[in-house]
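Every number here is computed from the coordinates shown, using simple stated rules; none is lab data. Bear in mind that the values here come from a model prediction, so they are computed numbers and not experimental data. Here Cβ is always computed from backbone atoms with ideal geometry, including for glycine, and neighbour counts include all displayed protein chains.
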Amino acid sequence: MNTQRPKLNAERMARLVEISRVLNATTNLDHLLYRIITEAADLTNAEAASILLLDPKTQQLHFKASSNEVPPELANMTVSLDSSIAGAILTENKPMYIQDVSKDPRWNQNVDNTIAFRTRSILGVPMHNVAQAPVGVLEALNKKGGGDFSIQDFETLSILADIAGVAVEQARLFNELQQANAELNELDQLKTDFIAIASHELRTPLSVILGYVSFLRDEAGPEMTAQFDNVLQAAVHLRALIQDMLNLRYVDAGTAALTRQKVDLVSLVQEMNLERDETAVAKNQTVHVTLPDQELLVLVDQDMMEVIIGNLLNNAVKFSPKDGRIEVKVQRQGREAWFRIKDNGVGIPEDQLERIFKRFYQVESPLRRQHEGMGLGLSIAKELVELHGGRIWAESSNREGSEFIIALRLELPPTGLL
């Protein structure tokens, strides 16, 4: 092998460093392989270069790239590990220099015939992944001018092969991650669609049941009222669970699901008719609503605001005792509109006031809890309020009930100078 001037070593190393930077930033496997073979042929002054990668399932090598145009039949051609030069390089995990392939029984002439290329000599090195396991072979074919590959060519190709092996593995992992994410997104969409369809199909018959049970309860005598109350409360509880599942769609969709418009918060609360909530009626609770005389315009998604207020009301009804009282108030606070709802339940310990807004969190122990539910209502309310750029928090004096406050920015007319 011929030797090169020492100055060229530094030049090659600087170029290999730059190649490493570029390759490790490339996630498209085809572009990556093409860049590797182009650099390999150029750095070793070879007529051509090629890459064969190991299929971990079949334990066979496959041509993946060549500086010559690779026909489809070559890309599908398998190379045995047992009876090929590339297979020997991989299995023995060491570089090989075949100066005259025509004298090597492992040489397969079919490859040359397929790509219309005449191979005279091969300098091949194994490619390694991060764990230093061989994953493929990088080959330089025929030194230009008919000379021999040098020791420096061997060193250059070995370094490039290791850089390439790690880069190829990273590109594969990136592609697998993209595929996994796509599958997860598809499964998530299927889950969302299933919940939406199932919830919709359940809501219609449940509304019929609620209406009919309420009618029978009003018509029944005292001895049957308690039994109808139990049925009504169970149906109301089931409706709340279904509504929670539906509401998760809004949260998961994020800001993309927002359809903002100017809404008068006072009129919105008034139209929701909270005083006649079926769940409160079933527990003989009183819902008292206090509204200001002037309108309070906020830029919100009206459907989402109804979900937020509905969830807070359901929470107040759940934790207020039978025959209890719930206070609802809308007011202006500076440049904000505040919605407040206060129950007269058991209250919330001070150290739990932030945690109650986490998904599936329950203040009560799961083994001893008295109030049903999945722990989603408050978390959904918080996430939807924050999607609107608002704030929500809770205040409580333990044993004296809890109050939840929503603050939303008012849409005020511009103030001009006179």
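Using 1/(1 + (r/R0)^6) with R0 = 56 angstrom and r between the beta carbons of residue 209 and residue 97, what's the FRET efficiency to the nearest 0.05? Working from the Cβ atoms, E equals 0.10. In whole angstrom, the range 115-156 maps to an equivalent ellipsoid with semi-axes of 24, 14, 5, each derived as √(5λ) from the alpha carbon gyration tensor and ordered largest first.
Residue ranges 279-292, 153-166, 100-113 sort as 153-166, 279-292, 100-113 when ordered by packing (mean number of other C-beta atoms within 10 Å per residue, highest first). Each label was represented as a point 7 Å from its Cα along the Cα-to-Cβ direction; for residue 131 and residue 306 these points are 5.6 nm apart.
The residues neighbouring residue 291, those whose beta-carbon lies less than 14 Å from its own, together hold a net charge of -3 under the Lys/Arg +1, Asp/Glu -1 convention. Antiparallel beta bridges, as assigned by DSSP with both residues in the range 278-357, represent about 60 percent of the total such bridges. Counting Lys and Arg as +1 and Asp and Glu as -1 over every other residue whose Cβ lies under 10 Å from the Cβ of residue 393, the net charge comes to -1.
Computed from the alpha carbon atoms alone, the convex hull of the range 78-164 holds 101 Å³ per residue. Contact order, relative form, for the range 162-243: 28 percent (alpha carbon pairs under 8 Å, 6 or more residues apart, mean separation divided by residue count).
Taking label points 7 Å from Cα along the Cα-to-Cβ direction, residue 179 and residue 412 give a separation of 5.7 nm. Here the range 49-63 is scanned for amide nitrogen atoms under 19 Å from the site 7 Å beyond the Cα of residue 22 along Cα-to-Cβ, giving 49-51.
Full extension of the chain segment joining residue 325 with residue 354 gains 8.0 nm, where the gain is 0.36 nm per residue of separation less the Cα-Cα distance. Considering all different alpha carbon pairs of the range 91-242, the Kirkwood hydrodynamic radius works out to 22.5 Å.
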